[in-house]
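Have a look at the structure below before the remarks.
The values are calculated or read from the model by the stated rules, or taken from the named source; none is laboratory data. The model shown is predicted, which means the values in this text are computed figures rather than measured ones. Here Cβ is always computed from backbone atoms with ideal geometry, including for glycine, and neighbour counts include all displayed protein chains. What goes into the accessible areas is simple: the full protein's heavy atoms, side chains included, and nothing from ligands, DNA or RNA. Shrake-Rupley method; radii C 1.70, N 1.55, O 1.52, S 1.80 Å.
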Amino acid sequence: QIQLAESGGGSVQAGGSLRLSCAGSGHTVNKYAMAWFRQAPGRERELVSMITLRGTITHYEDSVKGRFTMVRDNAKNTVYLEMNSLKPEDTAVYYCAASRHMVPGPEEDEYEAWGQGTQVTVSS
């Protein structure tokens, strides 16, 4: 089973940018569909973006479309979430996850591996 480790979180002002990284170990990320989830205080964890097992991006949560970009770098065994034009409502703990499904959905039980999470805080 793959192990995942996120990095790159931090505190930024509204309008700023961050790039989150999710490094895989023990297995290669290109054998999985990969996703980014986030969980804001008092809210359920939600799917932000997902790359299918074959590498075709199929999903961005509506509120991040046009601002966030997910990329899988097979050579580095890492997936990235480039976040631009950040808003205070993007504040959350961000998690990467891996699934053996070809096209997993937003249900957490479709994902077999999770990172520990990285905090993103956007101030107004």
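Would you mind computing, in nm to one decimal, how far apart the modelled labels at Ser124 and Arg43 are, each placed 7 Å from Cα along Cα→Cβ?
Once both label points are built, they end up 1.4 nm from each other.
Hey, how much of the P(r) for the chain falls beyond 19 Å, as a percent of Cα pairs?
Tail of the P(r) past 19 Å holds 40 percent of the pairs.
Could you check which residue among Arg38, Arg19, Arg54 shows the biggest mean-square fluctuation in a GNM of the chain with a 10 Å Cα cutoff?
Arg54
Using a 1.4 Å probe on the protein heavy atoms, what percent of the accessible area of the range 12-124 belongs to carbon and sulfur?
About 46 percent, which is the carbon plus sulfur part of the accessible surface.
Find, among the GluC sites (Glu not before Pro) in the range 28-124, those assigned to loop by DSSP (not H, G, I, E, B) with at most 16 other beta-carbon atoms within 10 angstrom.
Qualifying residues, ordered by number: Glu44, Glu61, Glu107, Glu112.
In nm, to one decimal, how far is the Glu112 label point from the Lys31 one, both placed 7 Å along Cα→Cβ?
So the two model labels end up 0.9 nm from each other.
Suppose the chain between Lys76 and Ser11 were pulled fully straight at 0.36 nm per residue; how much longer would it get relative to their current alpha carbon spacing?
The span from Lys76 to Ser11 would gain 20.8 nm if fully extended.
By its C-alpha gyration tensor, with a ≥ b ≥ c as the square roots of the eigenvalues, how is the range 1-56 shaped: rounded for a/c under 1.5, else prolate for a/b larger than b/c, else oblate?
Taking the square roots of the gyration eigenvalues as a ≥ b ≥ c, the range 1-56 is prolate.
Beta carbons within 10 angstrom, averaged per residue: use that to sort the peptides 113-124, 5-16, highest first.
Going from most to least packed, we get 113-124, 5-16.
PRE reach from Glu89 (point 7 Å along Cα→Cβ): which of the range 28-70 fall under 11 Å by backbone N?
Under cut-off, by backbone N: 62-64.
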